[in-house]
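Since every read-out is calculated from the coordinates, none of them should be taken as a lab result. This is a predicted model, so every value here is computed, not measured.
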Amino acid sequence: MMKNYYQILGVSYGVDLSTIKKAYRQLALQYHPDKNKAANAEQMFIAITEAYEVLRDKIKRAEYDFLYKKYFQSPDINVYEESTHERKQQSWTSFGEQRAKEYSSMKYEDFSQRILDEIKIGVSYTPNLIFIFICVLGLYGLISALPKVFSNRHSSDGTGILIVFFILGFGTLVYFLFQRMQADYTEERKRKFK
C-alpha cells in the first residue's frame, strides 16, 4: 500500500516546498520523542520525517508524484508497475527511518535549534531573491516595451535590437543568479547539517 505523504504532513497535493517545510517543522516539533511521550509519537515522527525527506527532494518528489497520480488520482487505471512502486516505497521508508532515528536521538532543544538554523539559512538568501526579483521586473519591462518599439515604423535606429540584447542579457543574468543561489544554499545546508 502506497503511503500518502501529503496527507501525513497535512498538506494538499502539489503545494510548494515552503508549505511542506512549514508543515514538517510544526509536526516534527510536536511529535519529537524527547518532547511527546505518547505511545504513537515515535511512529508519527518517523512517518512525518519520511514524508518530508521525499517531498523536499526534487527528484524523489517527482518520482513520488508520478506514482501518487497513478495510485491516488487514478486508482482504477493500473498502469504503474507494482514492483517499482514497492521498491521506491521501501527505499523512501528506509531513508526516512534513518533520518528519523538521527533526529529523534537528538535532544529536543538541539532538534529545535537545527530547525531554527535551517530557517536562518533560508532567510539569509532573502536579499538574493529580492535582487533576482528586481531583475525579473526589469526583464518584464523590457519585454513589454519590445512590441511598441518594433511597431514604430520610424524606429530604424536599432533600439529594438538593443532591447533584444538587453532581454537576453537580463534573462541570462536571472538564470545564472538563481542557479548560483540554489547551489550556494544547497552547499551551505550540506556543510551545516552533515
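What to note about this one:
- Angle between the chain longest axis and helix 126-151 axis [Cα atoms, degrees, rounded to 10]: 40
- In the chain, the DSSP-assigned H stretches of four residues or longer account for a calculated mean residue ellipticity at 222 nm of -25500 deg cm²/dmol, using -39500 (n - 2.57) per stretch and the full residue count as denominator.
- Between 0 and 90 degrees, the angle of helix 82-104 with respect to the longest Cα principal axis of the chain falls at about 80 degrees.
- Calculated over region 85-194: convex hull of Cα atoms, volume per residue (Å³): 143
- Here LYS69 is the anchor, and the aspartates and glutamates within straight C-alpha reach of less than 20 Å, apart from those fewer than 8 places off in the same chain, are ASP16, GLU50, GLU53, ASP57, GLU81, GLU82, GLU86.
- Whole-number percent relative contact order across the chain, with pairs defined as alpha carbons under 8 Å at least 6 apart: 19
- To the nearest ten degrees, helix 58-68 and the longest principal axis of the Cα atoms of the chain are 70 degrees apart.
- Here the Karplus relation 6.51 cos²θ - 1.76 cosθ + 1.60, evaluated at θ = phi - 60°, turns the backbone of region 166-179 into coupling constants of 5, 4, 4, x, 4, x, 5, 4, 4, 4, 5, 4, 5, 4 Hz, with x for every Gly and Pro.
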